[in-house]
Structures are given as structure tokens and as C-alpha cells.
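Notes follow once the structure below has been shown.
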Amino acid sequence: MSLTMKSYEDIFRKALYESFGFIQKLGFSITEYGSCAFDCKNEHCIMEISLDLPPDIFVTIRPREYLEPLKKYYPYHGIELAQISSYYDPNYKHDFQTLKPEEIPQRMRLLSDLFKKHCTGILKGDFSDWPKILDFVASKTKGE
């Protein structure tokens, strides 16, 4: 049986609220825009959680307001949760394999667990590690 993209989207939406619904208790609003992309905002940061093709889930995060010194790095986009996790845990490797529909809830739970483990300070507005994370990501992007 072949699943349509709509089926993926329905599974994704349900898994998102089951795994990341806890952020609403932390003052986040969750707003869907486009097809399977969600903005999650609180007073400190903005997260984007999206289902992209080939089916994989991406979570990015950034400060709600950029401080001038940080603009040189990523003026518009956030840092992927996989990159933040790699900064804190050098042994972390994100599995970028195409997801089957039944794997979406499991991947969403994994991402939620990583978020809780590595981003709790960011949720509360502590961006003290942010410049070091940005330097780490820039060095990996350049292949250093």
C-alpha cells in the first residue's frame, strides 16, 4: 500500500503534538504554516519543526531577537537540533535516512528527547553557549 504525502503529514502532525506538546506549558505558541512546517515561539526563542522531503524531520532553533554579534553567523535561520546535539555530544550522529511513516513518531520522540537534553537553557533564554555553538557549526560547515 502506497501512502500519500497527506498520510505522512497527518502522522507528522499527531507525532509533533505528542512529542513536543510540552513546550506549550513553557509559554510556546505552535503555529502551522505551509505544509507540515510549524513555528514554535516563546519570549526567548523561535523553533521551526518541519517534515521535509525525502521524508525527514528537521528542528531548528534561534534566539527570538538576534544580538548584533550573532548576526554575522545566521541572520535569518536557526541552528539545527542535530548540530546543537553534536556540539554537546561529539559522538552524536543524526540518521538522515528517509523515514517510513511508522518511523515518524519514534524520530519525533528522539528529537524531543534531544531537545530536552540540550536546549533547556535556550528555552529559558540562556544563550551563553550560542556563540560557541555557532563557531562549532561554522567550523563543521567549512570542513575544519
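Throughout, read-outs are computed from the coordinates displayed, never taken from laboratory work. Since we're looking at a predicted model, the values are computed, not measured. Please note: Cβ atoms are built from the backbone with ideal geometry, for glycine as well, and neighbour counts cover all protein chains shown.
Run down the aspartates and glutamates and flag those whose C-alpha is under 13 Å from the C-alpha of K41, throwing out any fewer than 8 positions away in its chain. Qualifying aspartates and glutamates at Cα under 13 Å: E32, E65.
As a quick test, which of the pairs K14/K132; K25/K140; K100/K140; K14/K140; K93/K124 have an alpha carbon distance above 31 angstrom in this structure? The answer is K14/K132; K25/K140; K14/K140.
Of all aspartates and glutamates in the structure, those lying under 19 Å Cα to Cα from K117, and not within fewer than 8 positions of it along the same chain, are E18, E48, E80, D89, D95, D126, D129.
Expected output is a single nm value to one decimal: the length gained when fully extending between D10 and D39, i.e. 0.36 nm times separation in residues minus the C-alpha distance. What is it?
Numbers: separation 29, 0.36 × 29 = 10.44 nm, distance 1.71 nm.
Difference between extended and current length: 8.7 nm.
Taking the number of other C-beta atoms within 10 Å as the exposure measure, put L111, L26, L53 in order starting with the fewest.
Numbers: L111 22, L26 12, L53 9.
Least crowded to most crowded, the residues run L53, L26, L111.
Annotation for E32 and Y92: the two label points, set 7 Å from Cα along the Cα-Cβ direction, are 2.8 nm apart.
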